[in-house]
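Participant: Pasting a structure below so you can have a look.
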Amino acid sequence: MAITKNLIKNAVVMKYNTGMVDEKGKDIVKTYRLSNIKPEATEEEILAMCKDFNKVLKHSVHMLLREYQENIKES
């Protein structure tokens, strides 16, 4: 039994601190998602791209996630 997988979606998620706090005194963290990232993009390229976005956001990115969605099936 062979199993195949096909990449459906590839995204990068940046979580950043807005510099504000909520009524409980916790930092307000927002999320920015970049979809349709090329599957062959390296981690170095993604990090460089996110650093550029960090300049535009004007807030510090404290978490960077790469998300994959794959279709897995028997062939």
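Participant: Please enumerate the residues belonging to the stretch 1-19 that are aliphatic (A, V, I, L, M), at pLDDT 90 or above and loosely packed, with under 13 Cβ neighbours inside 10 Å.
Facilitator: Ala2, Ile3
Participant: Taking the stretch 45-75 as the region of interest, how many residues are touching a residue at least 60 places away in the same chain (Cβ under 8 Å) and in a strand (DSSP E or B)?
Facilitator: Qualifying residue count, the stretch 45-75: 7.
Participant: Has the stretch 52-70 got at least one residue that is hydrophobic (A, V, I, L, M, F, W, C) and loosely packed, with under 10 Cβ neighbours inside 10 Å?
Facilitator: So far as the stretch 52-70 goes, yes, one or more of its residues are hydrophobic (A, V, I, L, M, F, W, C) and loosely packed, with under 10 Cβ neighbours inside 10 Å.
Participant: A follow-up question, please. What number of residues within the stretch 20-44 satisfy the criterion of being surrounded by fewer than 10 Cβ atoms within 10 Å (Cβ to Cβ), part of a loop (DSSP other than H, G, I, E, B) and in contact (Cβ under 8 Å) with a residue 12 or more places away in the chain?
Facilitator: Number of matching residues: 3.
Participant: Run down Lys58, Lys9 and say which single residue is over 13 Å from the mean Cα position of the chain (by Cα) and not hydroxyl-bearing (Ser, Thr, Tyr).
Facilitator: Among Lys58, Lys9, only Lys58 is over 13 Å from the mean Cα position of the chain (by Cα) and not hydroxyl-bearing (Ser, Thr, Tyr).
Participant: With the requirement that a residue be modelled with pLDDT under 85 and of a type in the set (Ser, Thr, Tyr), what does the stretch 43-75 give you?
Facilitator: Residues satisfying the conditions are Ser60, Ser75.
The values are calculated or read from the model by the stated rules, or taken from the named source; none is laboratory data. Owing to the predicted nature of the structure, the values given are computational and were not obtained by experimental measurement. Cβ: placed from backbone, ideal geometry, glycine included. Neighbour counts: every protein chain shown.
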